[in-house]
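The values are calculated or read from the model by the stated rules, or taken from the named source; none is laboratory data. All values reported here derive from a predicted model rather than from experimental measurement. Here the Cβ is made from the backbone with ideal geometry for all residues, glycine too, and neighbour counts use every protein chain on show. In case anyone asks, the SASA skips ligands and DNA or RNA and just uses the protein heavy atoms, side chains included. Shrake-Rupley method; radii C 1.70, N 1.55, O 1.52, S 1.80 Å.
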Amino acid sequence: MISRRHFLHATAAAHALAVASGLGPLGRAAAQQRLSEQDILRFEPLGQVTILHVTDIHAQLVPLYFREPSINLGVGPAKGKPPHLTDQAFRDFFKIAGGTAEAHALTADDFTALARNYGRMGGMDRVSRLIAAVRAERGADKVLLLDGGDTWQGSWTALQTRGDDMVQVMNALGVDAMTSHWEFTYGEDRVKELAEKSKAAFLAQNVRDNEWQEAVFEPRKTFEKGGAKIAVIGQAFPRTAIANPRWMIPKWEFGLREEDIQKQVDEARAEGADVVILLSHNGFDVDAKLATRVNGIDVILTAHTHDALPGVVTAGKTILVASGSHGKFVSRLDLDIRDKKVAGYRYKLLPVFSDAITPDPSMAGLIDTIRKPFAAELAQEIGRTESLLFRRGNFNGTFDDLIAQAMLAERDAEIALTPGFRWGGTLLPGDPITFDAIANATAITYPACYRMEMTGAQLKDVLEDVADNIFHPDPYFQGGGDMVRVGGVGYAIDVSAPMGRRISDLTLLKTGRPLEASRAYTVAGWASVNQGTQGPPIWDVVKAHVARHKTIRIEPNAAVKVTGA
Amino acid sequence: MAGPVVYRTRRNVLHMAALAAAASVIAPSLSKADSKAVEAEIKKLYDGKAMAEGRIKLDVPQIAENGLVVPITVDVESPMTEQNFVKAVHVYADGNPLPGVLTFRFSPLSGRASASTRMRLAQTQNIVAVAEMSDGSLFTTKAEVKVTIGGCGG
């Protein structure tokens, strides 16, 4: 059945192809010529202050492909509203034509065709160039650069240098303040060490030592820019100690701490702040709710859920900004401040099209220096993919299918579980699968690929619990992340049902038979939050599997049936 | 809500991809309390006396980071004078093997009827607090605490 939506997708694809073929063999170059650095930077300045926001870079130093999700369901009040729009609905909402550079940057359909046309995005040398250009245009004393966190993790070089490479890069970029989530997976000592080395203030009002409930980090910092006092409150990911290994940060507690945010806002106002910004790693839906419950926040710079929105969302008087991930975008928000109020604002999500932007040579040099010791290892071609390999989506990603298949085969398991991480690059059909690419999807500090037995009932419980973390109608109960990917098993999910009743029809795909509640199955998985988990690192498992097959082809995954959306 | 399976400390046992300890920690078949068991406990002390809502501020996390040590603070509005003070606060959990969690006892010399500690919660459940005032009146409030196995935020 071709729905109207599918038909529209097809039209968009045809349009994209027409554009490419119309320009002949120079299609790509011509497309880039149309898209200049000036176009990307074009912005009519407003007011006295510019806020620049980058977030969820996940240690991606060099340009990459990153496909946005084609399924990103909102539940409860978030249903059908940005950021829970994809593809045609997203383009309709933001008035973006199919086949354009913006469509490539922000939507998922036609990804392969558009990626070939518009090239890779991101690269910290390009990000650096854009930031320098804004500072030059506006005056550096009017620009505040803020980083929403998930910066120090996500690549092989970040893992090998335990985050040091990213601290060097962000210091060179001149970040004023940051907050955090995956940073905590380097453990308490290392985080403190790097926070010290970081020139950016490491702000986290919601991290406390669990003995005395004292703040571990500075909760907020006030900056003077363009003659205005800007208070920035840091909010680390509230559920770090649940979603990531608590044993690595045993003395720290997190949580949302809404009342404490209100206290921070009130204190900042009492100290004479003109503008109050929450530099948040809560996730978009959590922040959208928080904006209606905490008074006096002018701007929330959101993160964690990797949403990229080419316009702001407002909740009451609060402006919410969503700046995407992986260095694909830099957000620019100009504020006109009068009488301690935001009298006006202007916003643009600057897309970092790597082919259109001249790399900043000094940042390019730093990136080369960082990557050089690992260059041979990173460039190793383990195999090639015939299929588009991507990560994002509520239920499946082809890169995750590959990881799951690798675990089933290499660990001789009946079922594989791979976490619904939202970071990791995309590979186009025909691309080499380098070790760099494998590491970009797997580089974490708790990589052991375990093998164990689990009953059908236990598996159902796990899926129910994870589903409740994503589809609980109250965003304060959502933990973020996408649904755990299950290899070897299909299931149906009603996202609108209450916990315990969302998951049904669990089927072992190999036999086509229902999963038995009391039977034990062999399960392989990785990213266990438990201390002492045994097994080879997941990148070795994936590498061995890809090396064995050389050519990877992933068939479309129809194992998860979704209702209630 | 919590499915048909036996009682266990969920957080400790299962992370979606952290199942290494699962089989060994699942208790054979511990029974658990429910809201009736909590009511029965309160009845033992107060024999079905009417309870009013309010006056108690029960501060527990909506989502526990660690089910083994969930922070709890109770704070009851009271002048705490000889004439008018909070005598005791009882806390119950309707999803633990035993419903009784703790009792804080106060006197006018306490100054404030406020106390904090940590409790162990087996699973997602309601926490019920009952405050007994010096005039014999009773107040109650409840809050749900979610004890989760994770969900890999990324």
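Starting from the amide H of A:Asp307, placed 1.01 Å from N in the peptide plane, find each other amide H under 5 Å away whose residue is 5 or more places distant or on another chain.
Here the answer is A:Gly324, since their amide H atoms fall under 5 Å of that of A:Asp307.
Which whole-number percentage describes the relative contact order of segment B:33-149, with Cα contacts under 8 Å and a sequence gap of 6 or more?
33 percent
Taking every eigenvalue of the Cα gyration tensor of segment A:110-214, multiplying by 5 and rooting it, what semi-axes result, largest first, whole Å?
29, 20, 13
Hey, can you rank A:336-347, B:61-72, A:417-428 by average C-beta count inside 10 Å, highest first?
Those peptides, ordered most packed to least, come out A:417-428, B:61-72, A:336-347.
What are the ³J(HN,Hα) values, in whole Hz, obtained from phi via the Karplus relation 6.51 cos²θ - 1.76 cosθ + 1.60 with θ = phi - 60°, for each residue of segment A:525-530 in sequence order, with x given for Gly and Pro?
Taking θ as phi minus 60°, the curve returns x, 8, 6, 5, 7, 7 Hz for segment A:525-530.
If contacts are Cα pairs under 8 angstrom and at least 6 residues apart, what is the relative contact order of chain A in percent?
17 percent
Please calculate how many Å² of accessible area segment A:493-562 carries per residue, with a 1.4 Å probe and no DNA, RNA or ligand atoms counted.
53 Å²
Residue-wise, which Karplus ³J(HN,Hα) couplings in Hz belong to segment B:104-117, taking 6.51 cos²θ - 1.76 cosθ + 1.60, θ = phi - 60°, and x for glycine or proline?
Coupling constants for segment B:104-117: 9, 10, 10, 9, x, 5, 5, x, 9, 8, 9, 7, 10, 7 Hz.
Give me the residues in segment A:431-462 whose solvent-accessible area, probe 1.4 Å, is reduced by at least 30 Å² once all protein chains are included instead of the chain isolated.
Flagged in segment A:431-462: A:Tyr450, A:Met452, A:Gln458, A:Asp461, A:Val462.
How large, in percent, is the carbon and sulfur part of the accessible surface of segment A:387-492 at a probe radius of 1.4 Å?
Looking at segment A:387-492 in its full context, I get 53 percent from C and S.
Relative contact order (percent) for segment A:64-126, with alpha-carbon contacts under 8 angstrom and 6 or more residues of separation?
Rounded, it is 38 percent for segment A:64-126.
Taking the solvent-accessible surface of protein heavy atoms with a 1.4 Å probe, what is the per residue accessible area of segment A:54-197 in Å²?
Normalised by residue count, the accessible surface of segment A:54-197 is 29 Å².
So what's the gap between the Cα centers of segment A:155-185 and segment B:50-114, to the nearest angstrom?
Here the answer is 43 Å between Cα centres.
From the Cα gyration tensor of segment B:33-149, with a ≥ b ≥ c the square roots of its eigenvalues, which class applies: rounded if a/c is under 1.5, or else prolate if a/b is larger than b/c, or else oblate?
Judged from the Cα gyration tensor, segment B:33-149 comes out oblate (a/c at least 1.5, b/c at or above a/b).
For a quick check: with amide H placed at 1.01 Å from N, whose amide H comes under 5 Å from B:Thr124's, ignoring anything fewer than 5 positions away on the same chain?
For B:Thr124, whose amide H was placed from the backbone, the distant partners under 5 Å are B:Val147.
Let's see if you can work this out: charge +1 on each Lys and Arg Cβ, -1 on each Asp and Glu Cβ, no other charges. What is the dipole magnitude of chain A about its Cα centre, in debye to the nearest 20?
Its charge dipole is roughly 1060 debye.
What does the helix-only formula give at 222 nm for chain A: each DSSP H stretch with n ≥ 4 adding -39500 (n - 2.57), the total divided by the residues, and the result rounded to the nearest 500 deg cm²/dmol?
-9500 deg cm²/dmol
Tell me: how much accessible area in total is hidden between B and A, 1.4 Å probe, Å², nearest 100?
Result for this pair: about 3400 Å² buried.
How big is the antiparallel share of DSSP beta bridges in segment B:33-149, given as a percent to the nearest 5?
Antiparallel: roughly 85 percent of the beta bridges in segment B:33-149.
Report the calculated FRET efficiency for B:Leu109 and B:Asp135 (r = Cβ-Cβ distance, R0 = 25 Å), to the nearest 0.05.
Calculated value: 0.85.
Kindly flag which residue pairs out of A:Lys328/A:Lys348; A:Lys79/A:Lys221; A:Lys328/B:Lys146; A:Lys289/B:Lys146 have an alpha-carbon separation exceeding 25 Å in this structure.
In this structure, A:Lys79/A:Lys221; A:Lys328/B:Lys146 lie more than 25 Å apart at Cα.
With θ set to phi - 60°, apply the Karplus curve 6.51 cos²θ - 1.76 cosθ + 1.60 along segment A:95-105 and write out the HN-Hα couplings as whole Hz, x wherever there is a Gly or Pro.
6, 10, 7, x, x, 8, 4, 5, 4, 5, 5
Hey, can you list the residues from segment A:474-518 whose accessible area shrinks by 10 Å² or more with all protein chains present, relative to the chain by itself (probe 1.4 Å, no ligands or nucleic acids)?
So the qualifying set is A:Tyr476, A:Phe477, A:Gly480, A:Gly481, A:Val484, A:Met499, A:Gly500.
Please give the residues from segment B:48-78 for which the solvent-accessible area of heavy atoms, probe 1.4 Å, is smaller by at least 20 Å² with all protein chains in place than with the chain isolated.
Buried by the other chains: B:Lys57, B:Gln62, B:Ile63, B:Glu65, B:Asn66.
In segment A:129-276, carbon and sulfur make up what percent of the accessible area (probe 1.4 Å)?
Here carbon and sulfur together make up 46 percent of the probe-accessible area.
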